[in-house]
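These notes are about the structure you will find just below.
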Amino acid sequence: MQPALFTWAFVAALLLSLGVKFWLATRQMRHVAAHRDQVPAAFSGTVTLPAHRKAADYTLAKGRFGLLTTAFGTAVLLGWTLLGGLDALNVLLRDLVPPAWGHLAYQLALLAAFAIIGGLLDLPLEWYGTFRIEQRFGFNRMTLKMWFTDMAKGTAVGAVIGLPLAALMLWIMGASGGLWWLWAWVAWVAFNLALLVLYPTVIAPIFNKFEPLADDALRARVQALMQRCGFAAKGLFVMDGSKRSAHANAYFTGLGAAKRVVFFDTLLQRLTPGEVEAVLAHELGHFKHKHVMQRMVGIFGFSLAGLALLGWLAGQSGFYAGLGVAPNLTAPNDALALLLFMLALPPITFFVSPLMAHFSRRHEFQADAYACGQADGRDLARALLKLHEDNASTLTPDPVYVRFYYSHPPASERLAALPHPQPLPA
C-alpha cells in the first residue's frame, strides 16, 4: 500500500478523535457549570450545596486540565510520527549501539529510550495533576519525596518485567515466521495470567502496605457474606491508601487460589460495617456474573485481533514511511513496528470506547442488583452516596459524555435502578 494512504488514514482518525474529545469535554464542562448552584431534587435531602459545588469545581478543573493533556498528547504523537521524532531516535540508536551487541540489544534500546523519553515528557503533567489539582481539592496526601520514590519503584518494576517481555516478543517476531503474531498472543496471555497471580503478593506490596483486616466483627460479617456467595479468598487485607490519596475503594485481586479482598483504609474509616458489606456484595456481584472473566476474554480477543493486524502491517513498507519512519534496511524493523502500531492505534480504538463503556455500565447495574439480594439495599445506597461525595463525583454529568466515557453509571441512575427503590437514605 502507498505511504500516503497510511498518512491520510492516520491524520483523519487523529483529527476526528481530537475533535470529538474536545466536543465531549466542553459539553461536560458546560453542563456541570450550568447545574453547579443547585443540588438535584433527588439528592436535596442528602447532599449539601457546598459538597455539590465542590464536585462541580473538581470536575471542571479536571476537564480543563484534560483539554490541556489531550492537546499536549496530540502534539507529542505528531512529533513522534509525522514530524520524524521516532525516525531520528531510531537512526541515533542504530548508529550508537555497537553491531557486536546484536540486533536484539539495539531494538531493546529503542523501546527503552522511547519509554524513558515519553515518561519524562509526561512528568510535568503528572506533577500538576497530583500537586495542584488533587492537592487543591484535598485529595492528595503524597509528598514530593514519595512521588519520586513511587516513580523510581515504578520504573524499576517496569524494567524488570517489561524488558524480558519485550525481548521475548521481539524474539518471537523474528523467529516464528508469518504466524509470529499468534505465538506472541499466546505469550501475552500467559504473561497476563501470571501477572494476576504475582501482583497481589509480589508487586503491590512494593508500593503499599497490606495488613490483615483487624476488625473481628467486620471480618466475621465479610466472611459470612462470601460464604453465602460461594466466594473463596486467600485473605482480607487493608491497604494504606490514605498515605497517597483521600479517595476510597475496595477491590478483588489475584487469580485462583491467590485471590484476596483489599479494602482501602479510607473506605473503612468512612463507611459503617453494613455499608462495607454492601460494597463488597457489589464486588461479589461481578464475580457471580463472571464479569471479570468476560472482560478478560474480551481483552484477549481484542489483543489477538490487534496482533494479527500488526502482523500484516509490519510487512508493509508504506506503514513505516506513511507514519514518518524510514524502515531499516540492515536491521530488523520489529521494534519500530511495535512502537508505530502503539502510537497509531489509540486514535482509531477511541471510537470503540462507547461500546466498552456501555457494557461496563451494564455490569455495574447487574452487580448492584446482586448486592441488594445479599445485603441491605439501603446500606448500598448510603455507601454509593458517601463514595460519590468523598470522591467529588459530579451528580450532574452531561448525558452524552456519560454514554461515551463513563464505566460506572452516574449516581442518579444507579440509585434509581436499585431493586425495590426507596427514598434516598439520610
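The values are calculated or read from the model by the stated rules, or taken from the named source; none is laboratory data. Everything numeric in this text was worked out from a predicted model, so none of it was measured. So basically every Cβ, Gly included, is an ideal-geometry build from the backbone, and we count neighbours across all protein chains shown.
Quickly run through segment 222-237 and pick out the residues that are over 16 Å from Gly254 (Cβ atoms) and not polar (S, T, N, Q).
In the first step, residues of segment 222-237 are kept if they are over 16 Å from Gly254 (Cβ atoms); the result is 222-225, 227-230.
Val222, Ala224, Leu225, Arg228, Cys229, Gly230 - these are the residues of segment 222-237 that are over 16 Å from Gly254 (Cβ atoms) and not polar (S, T, N, Q).
Those helices (runs of 4 or more DSSP H) of segment 268-367 in which 1 or more residues are buried (at least 17 other Cβ atoms within 10 Å of the Cβ) and polar (S, T, N, Q) are absent.
Taking the conditions (1) assigned to a helix (DSSP H, G or I); (2) without any contact (Cβ under 8 Å) to a residue 12 or more places away in the chain in turn, Leu385 satisfies each one other than (2).
Tell me, yes or no, whether segment 43-58 has at least one residue that is under 28 Å from Ala175 (Cβ atoms) and among the hydroxyl-bearing types (Ser, Thr, Tyr). Explain how you work it out, then say what you get.
Kept after step one, since they are under 28 Å from Ala175 (Cβ atoms), are these residues of segment 43-58: none.
No, segment 43-58 contains no residue that is under 28 Å from Ala175 (Cβ atoms) and among the hydroxyl-bearing types (Ser, Thr, Tyr).
On the stretch given as segment 393-418, residues that are in a helix (DSSP H, G or I), closer than 21 Å to Asp37 by Cβ and not hydrophobic (A, V, I, L, M, F, W, C) total 3. When residues in segment 203-238 are screened for being free of Cβ contacts under 8 Å to residues at least 40 places away in the same chain, loosely packed, with under 13 Cβ neighbours inside 10 Å and aliphatic (A, V, I, L, M), 4 of them pass.
Listed residues Ala246, Ala305, Ala321; which is without any contact (Cβ under 8 Å) to a residue 12 or more places away in the chain and of a type outside the set (Phe, Trp, Tyr)?
Values: Ala246 fails: without any contact (Cβ under 8 Å) to a residue 12 or more places away in the chain; Ala321 fails: without any contact (Cβ under 8 Å) to a residue 12 or more places away in the chain.
Answer to the check: Ala305.
When His31 is tested against the conditions (1) over 20 Å from the mean Cα position of the chain (by Cα); (2) at pLDDT 95 or above; (3) over 21 Å from Phe137 (Cα atoms), the lone failure is (3). Tell me, yes or no, whether segment 60-80 has at least one residue that is aromatic (Phe, Trp, Tyr), within 26 Å of the chain's Cα centre (by Cα) and surrounded by fewer than 14 Cβ atoms within 10 Å (Cβ to Cβ). Looking through segment 60-80, none of the residues is aromatic (Phe, Trp, Tyr), within 26 Å of the chain's Cα centre (by Cα) and surrounded by fewer than 14 Cβ atoms within 10 Å (Cβ to Cβ).
Would you confirm, using the coordinates I've provided, whether Phe114 is modelled with pLDDT under 95, hydrophobic (A, V, I, L, M, F, W, C) and either within 20 Å of Leu14 (Cβ to Cβ) or within 23 Å of the chain's Cα centre (by Cα) (or both)? Lay out the reasoning, then the answer.
On the way: modelled with pLDDT under 95: no; hydrophobic (A, V, I, L, M, F, W, C): yes; either within 20 Å of Leu14 (Cβ to Cβ) or within 23 Å of the chain's Cα centre (by Cα) (or both): yes.
When the stated conditions are applied, Phe114 does not pass them.
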